[in-house]
Amino acid sequence: MNAIYILWLRQIKRYFRAKSRIIGSIGQPLLFLVALGYGLGPMYAKGGGGNYLEFIAPGIIAMGILFTAVFSGIQIIWDRQFGFLKETLVAPVSRFSIMLGQTIGGASVAFLQGGIVLALAIIAGFRPHYWATFPLTMFFGACIALLFTALGIAIASRLNDMQGFQLIMNFLVMPLFFLSGALFPLQNLPPALLIVVRLNPLSYGVDGMRGAFDGVFQFGFLTDCSVLFIATFFLLTLGSWLFSKVEA
C-alpha cells in the first residue's frame, strides 16, 4: 500500500508542478466547446435537437479525461529513460503494486482534468438538468479515467520510444473520441457505424455522464456500468501482465 500511495502522490505532484501542461491540456476541450457548441448550435436547434452545447458538454468532459488518461502512460517511458523505473522495479514490492500505483495516480490526474473541463463548460453556458446526480457523474468520470489510464500504461509497457507512443496514442485516441457519440446523437445511425460505436468502451462512459446530467441513458445505466467494469478489469489485468515483463 505504501508503494501505491507514493506513486500516486508522485503523479499528483507532477501534475500541479507542470502548470503549462494544465493550461495546454484545456485548450482543445475549450475549442470544441466554443467552436462546436456555438458554431453548430443553431443548426442543431433548427433540426429539433435542442441545445447543442448541453448535448456535447458531457462528451467534451470525457474527452478531457480520455486525453490526459491515455497520455499518462508516457511517464513509464520517461521513467525508463531517466533511470527512475529501474530503481522502482528493484524495490521490494510487487510489480502489480507499482502498476496499480501508476494507474491510480494517472487516473486521479485525468479525473482532476475532467473537473477543470466541467468548470469551463459551465462558464461557457452548460447547465446540467440534475445537480442531484452529480456524484453519479463523478463515478463515470472516474471509470473513464481508470480505464484509459490502464490502457495507456499497458501500451507504454511495451514501448521504449516516446515518439512511437505518441503516434500510437493519437491513432487510438481520435477514433475513440469521435466514434463515442460525444459529438452526435446515436439515434438513426447507419448499422455499421452503430456497431463500431457499441464496440467503443468510451461510448458507455459518455452515455453514462450524459445520462447523469440529463437523466436519459441511451444504452441503459446497468449496461454502461457493466461494460466499463469489464473493460477496466480486462485492461488492468493485461497491463499488469505486460508490466510484469518490463525490463528497465
Checklist outcome for this item: Scanning segment 208-234 residue by residue, the ones that are among the β-branched types (Val, Ile, Thr) and closer than 18 Å to residue 55 by Cα total 1
Checklist outcome for this item: Checked 110, 150, 182, 156 against criteria (modelled with pLDDT under 85, in contact with a helix residue (DSSP H, G or I) (Cβ under 7 Å, 6 or more places away or on another chain) and within 19 Å of residue 69 (Cβ to Cβ)); the one match is 156
Next on the checklist: With the structure loaded, tell me whether residue 167 is surrounded by fewer than 20 Cβ atoms within 10 Å (Cβ to Cβ) and out of contact with any helix residue (DSSP H, G or I) (no Cβ under 9 Å at 6 or more places or on another chain) or whether it fails that test.
Outcome noted: yes
Item to check | Residue satisfying condition, being closer than 25 Å to residue 175 by Cβ and either assigned to a helix (DSSP H, G or I) or at pLDDT 75 or above (or both), within set 33, 85, 100 | outcome: 33
Checklist entry - If a residue has to be within 23 Å of residue 118 (Cα to Cα), hydrophobic (A, V, I, L, M, F, W, C) and touching a Gly at 6+ places or on another chain (Cβ under 7 Å) to count, how many in segment 162-216 make the cut? => result 4
Item to check | helices (runs of 4 or more DSSP H) within segment 175-248 that include 3 or more residues under 16 Å from the mean Cα position of the chain (by Cα) and surrounded by 15 or more Cβ atoms within 10 Å (Cβ to Cβ) | outcome: 201-214, 221-243
Checklist outcome for this item: Across segment 54-82, the tally of residues that are modelled with pLDDT under 85, closer than 21 Å to residue 206 by Cβ and outside any loop (DSSP other than H, G, I, E, B) stands at 1
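The values are calculated or read from the model by the stated rules, or taken from the named source; none is laboratory data. In this text the structure is predicted, and so the values were computed from the model without any measurement. Methodologically, a virtual Cβ is constructed for each residue, glycine included, from the backbone with ideal geometry; neighbour enumeration extends over all protein chains shown.
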